[in-house]
Amino acid sequence: PLLFRDGVSLGALVAALGSLESLVTSLVAAPPSGEGYSRTSAIQSGVTLVAWGLVWVGHWRYSTRLVRTDDARGADERVSRTRLAAFIATIVVGAGFTISGIVGAVQEIVAPVIGRLPYESDVSGWSWLGPAVSASGWAIVWWAHLRRLRGEPAAADPLRALHQVRLASHGMAAVGLAFGATGLGWILGLSIDVVFGGIRTTDPNRL
């Protein structure tokens, strides 16, 4: 039950903030099929945002109330490894989506300078706003869960608190390492293509 609850909570959070980015993008994009397309997309994203947001809020409030109770369920919740894993997973996911959103926003800002790709030609000059809003939302989630983890009842035990902080720190470091390794791989691959005339240098759509 705890795994189901925390899994649904994290999934709802991902869906809600993903819909937030889609909503902002729909509001600032120049729709390819006319105004009706943009309005429909915005409505769908808004409804999805509210629906999944309510699911997340409900699970979060239930979990918060449960950990404060004095009965057996509250005692189990306060030392639950599943609860700790849910916090770590949310922190790691939040860090990943924050970095991804920042990268997406920077890409949308830099793209017009070096030449926008054809499939992006229907997006207005505000296309960076969607990823930026998503990154901001995930940064708040990241910070809030990290702060809450440090204030959990189980953190009163110094040794357990140290383990929790280490898990969070190592998880965030792994996210940074993954993004750095991926970026380095792309740079090396593009460099090889430049030197040897690969497809990404002869076909601009592959850049």
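The values are calculated or read from the model by the stated rules, or taken from the named source; none is laboratory data. Because the structure is predicted, anything quoted here is derived from the model rather than measured. Note that we place each Cβ from the backbone using ideal geometry, even for glycine, and neighbour counts take in every protein chain shown. These area figures cover heavy atoms from the full protein model, side chains too; ligands, DNA and RNA do not enter into them. Shrake-Rupley method; radii C 1.70, N 1.55, O 1.52, S 1.80 Å.
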Exercise. Might you tell me the accessible area per residue for the stretch 63-114, computed with a 1.4 Å probe and given in Å²?
Key: 54
Exercise. Report the local net charge at Leu84: Lys and Arg +1, Asp and Glu -1, summed over other residues whose C-beta lies under 11 Å from its C-beta.
Key: +1
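Can you quote the Å³ per residue value for the convex hull of the Cα atoms in the stretch 43-97, rounded to an integer?
Convex hull volume per residue, Cα atoms: 77 Å³.
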Quiz item: Between Leu2 and Thr182, what is the FRET efficiency for a Förster distance of 22 Å, r being their Cβ-Cβ separation, to the nearest 0.05?
Solution: 0.10
Quiz item: At a Förster radius of 45 Å, what calculated FRET efficiency corresponds to the Cβ-Cβ distance of Arg65 and Phe196, to the nearest 0.05?
Solution: 0.15
